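The values are calculated or read from the model by the stated rules, or taken from the named source; none is laboratory data. Note that the structure is a prediction, hence the values are computed from the model and not measured. Cβ atoms come from the backbone with ideal geometry, glycine included; neighbour counts cover every protein chain shown. With ligands, DNA and RNA removed, areas are computed over all heavy atoms of the protein, side chains included. Shrake-Rupley method; radii C 1.70, N 1.55, O 1.52, S 1.80 Å.
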Amino acid sequence: MRPALLDYYIRHMKDGTFVSWLAVDDDRIVGTSGVSFVEKPPYFGCPSGRKGLLSSMYTDPRYRRRGIATELLRKAVDEVRAYGCGTVQITASDMGVKLYDAFGFVHNGNFMQYRL
């Protein structure tokens, strides 16, 4: 996975279709967040056709319950809004659902995936 991830991040950070944030305590990374920007044909639920796909949300267990994830999420959502997206999506872990619910995300029961 490492070479594929490195290739993805280099290409998409360069063209601006992926942005990321780090929460740091001294020189230690204690939290991460990232957003990929995608564009699809416009539709009623997203008239711009632009979406932000939230990923890489993580907080070191020793730093949880301090607002770090909420602040990283706020920065990501602000960036998605500034990019002109009509929606932000994430596939949430069981642990992350509480954070996203509290922030105002809603479950979309229509999401389905076919793995190739």
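Spelling out what I want: for every residue of the range 37-50, take phi, set θ = phi - 60°, compute 6.51 cos²θ - 1.76 cosθ + 1.60 (Karplus), and round to whole Hz; glycine and proline get x.
Computed from phi, the couplings for the range 37-50 are 9, 10, 10, 10, x, x, 8, 4, x, 8, x, 7, x, 8 Hz.
Can you work out the accessible area per residue across the chain, with the rest of the protein chains kept in place, probe 1.4 Å, in square angstrom?
75
Mind checking the range 14-77 for chymotrypsin sites (Phe, Trp or Tyr not before Pro) that DSSP puts in a loop (not H, G, I, E or B) and that have at most 11 other Cβ atoms within 10 Å?
F44
Determine the share of the chain's accessible area contributed by carbon and sulfur atoms, expressed in whole percent, with a 1.4 angstrom probe.
56
Total Lys pairs in the chain closer than 20 Å by alpha-carbon, pairs eight or more apart in sequence or interchain only?
Pairs that pass both the separation and distance tests number 5.
With a cut-off of at most 15 other beta carbons within 10 Å, and DSSP calling the residue loop, which trypsin sites (Lys or Arg not before Pro) in the range 1-83 qualify? Please list them.
Passing sites in the range 1-83 are R64, R65, R66.
For the chain, what does -39500 (n - 2.57) per DSSP helix run (n ≥ 4), summed and divided by total residues, give at 222 nm, in deg cm²/dmol to the nearest 500?
It comes out at -10000 deg cm²/dmol, rounded to the nearest 500.
Taking the alpha-carbon set of the range 30-116, what are its Rg and Dmax in Å?
Radius of gyration, then largest Cα-Cα span, for the range 30-116: 13.7, 42 Å.
How many percent of DSSP beta bridges within the chain run antiparallel, rounded to 5?
DSSP beta bridges in the chain are roughly 85 percent antiparallel.
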